[in-house]
Amino acid sequence: MTSTASPARRTSKAGWNILGLLVAATAGFPVYWMLNTAIKPAKDAIDPDPSLLPTGFTLDNFSRAFDIADFWGPVGRSLVVSLSVVLIGVIVGMLAALAISRFAFRGRKIVIVGILAVQMVPLVAMIIPVFLLLNDLHQYDKLTGLIITYLTFILPFTVWTLRGFIVNIPRELEEAAMVDGCSRTGAFIRVVFPLLAPGMVATSVYGFIQAWNEYLYALMLLSQENQTATVWLGNFTTKHGTEYAPMMAGATMMAVPIVVLFLLVQRKMAAGLTAGAVKG
């Protein structure tokens, strides 16, 4: 005997499906418009009566994006900064999260509250103190200074997120490994680390996106010669106006590393985002 859903349930399901499609369309429309503008002729990009559908196809905007200023230099610097932030942030954040989760020490609660408090401070409020500090340390207009700056707001999130993953890994697994002869370090490497890997991937992707897309600090702390990819996009705005089509072509090329990274780690990222959602 097959059961059929009631009309009210089917109506409710259809309503949620429509709502989901509307949310997806709203979130995806800016991406579509960026691609649409990138491939249309430059004159159509400034048409006062724009068309939702492509009015033509050209790759001249991408050539213009390469010609207007050095492209590979800013992209290379952004990659160096983003990958360095991810590598340092994940290693330091994992060790800090492990200490907070597995060890009892004086001031532990203060550290946890401090991590949360740091994330509540607006980034704009720290521009002047960060500038003065980096200037005193002779790190102004250097990629190392920008990396240190990014770590100040990415590392607290990394610690807090990885702490949540470690807490959901039962202590009994480590204790069983130690009973079998593993040291505490060996138990972490053989037992905790493999279970923590999806969470580390999800956290790393977030950190990479934050460092790659950051604009304000990169603009304030680096000169024109050392600009990153996000600041490079500002070259399309001149005293003669904004070249929207080449700018959208440049933004499209900037989005490629994020898309490639997500495609490479999407399975691990999905597992990391759902880890700890169900106990037992």
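The values are calculated or read from the model by the stated rules, or taken from the named source; none is laboratory data. Just so we're clear, the structure is a prediction, and the values are computed from it rather than from any experiment. No Cβ is skipped: glycine too gets one built from the backbone with ideal geometry, and neighbour counts run over all protein chains shown. For the accessible areas, the whole protein counts, side chains as well, though only heavy atoms, and no ligand, DNA or RNA atoms are used. Shrake-Rupley method; radii C 1.70, N 1.55, O 1.52, S 1.80 Å.
Scan region 120-140 for residues that are in a helix (DSSP H, G or I) and surrounded by 12 or more Cβ atoms within 10 Å (Cβ to Cβ) and jot them down.
Within region 120-140, 123, 126, 127, 130, 131, 133, 134, 135 qualify.
Quick check on my filter: what residues within region 157-186 are open to solvent by less than 20 Å² (accessible area, probe 1.4 Å) and within 17 Å of residue 90 (Cα to Cα)?
158, 159, 162, 166
Counting just the residues of region 143-173 that are more than 17 Å from the chain's Cα centre (by Cα) and free of Cβ contacts under 8 Å to residues at least 60 places away in the same chain, which one comes out nearest to residue 198 (Cα to Cα)?
This residue is 169.
Please list, ordered by residue number, the helices (runs of 4 or more DSSP H) wholly in region 170-280 having 1 or more residues that are at pLDDT below 85.
Answer list for region 170-280: 171-179, 184-187, 193-213, 244-274.
Among the listed residues 17, 61, 36, identify the single one that is outside any loop (DSSP other than H, G, I, E, B) and open to solvent by 70 Å² or more (accessible area, probe 1.4 Å).
Of 17, 61, 36, the one residue that is outside any loop (DSSP other than H, G, I, E, B) and open to solvent by 70 Å² or more (accessible area, probe 1.4 Å) is 17.
Identify all residues within region 45-58 that are over 19 Å from residue 237 (Cβ atoms) and open to solvent by less than 40 Å² (accessible area, probe 1.4 Å); write none if there are none.
Answer for region 45-58, where residues must be over 19 Å from residue 237 (Cβ atoms) and open to solvent by less than 40 Å² (accessible area, probe 1.4 Å): 56, 58.
Is there a residue in region 245-255 that is open to solvent by 40 Å² or more (accessible area, probe 1.4 Å) and either free of Cβ contacts under 8 Å to residues at least 12 places away in the same chain or under 28 Å from residue 96 (Cβ atoms) (or both)?
Among the residues of region 245-255, not one is open to solvent by 40 Å² or more (accessible area, probe 1.4 Å) and either free of Cβ contacts under 8 Å to residues at least 12 places away in the same chain or under 28 Å from residue 96 (Cβ atoms) (or both), which makes the answer no.
Test of understanding: among 92, 85, which residue is surrounded by fewer than 18 Cβ atoms within 10 Å (Cβ to Cβ) and in the same structural domain as residue 224 (by the TED database)?
92
Find the residue count for region 214-240, including only residues that are more than 30 Å from residue 97 (Cα to Cα) and either open to solvent by less than 30 Å² (accessible area, probe 1.4 Å) or in contact (Cβ under 8 Å) with a residue 12 or more places away in the chain (or both).
15
Restricted to region 64-90, and to residues that are assigned to a loop (DSSP other than H, G, I, E, B) and not aromatic (Phe, Trp, Tyr), which residue is nearest to residue 242 (Cα to Cα)?
Per the stated criteria, the residue is 69.
Mind listing whichever residues of region 187-213 are out of contact with any helix residue (DSSP H, G or I) (no Cβ under 6 Å at 6 or more places or on another chain) and open to solvent by less than 10 Å² (accessible area, probe 1.4 Å)?
192
Are there any pairs with C-beta distances below 9 angstrom linking a residue in region 117-129 that is under 12 Å from residue 152 (Cα atoms) to a residue that is among the charged types (D, E, K, R) and not in a helix (DSSP H, G or I), with the two at least 6 apart or on different chains, and if so which?
123/214
Does at least one position in region 102-110 carry a residue that is in the same structural domain as residue 241 (by the TED database) and touching a residue at least 40 places away in the same chain (Cβ under 8 Å)?
yes
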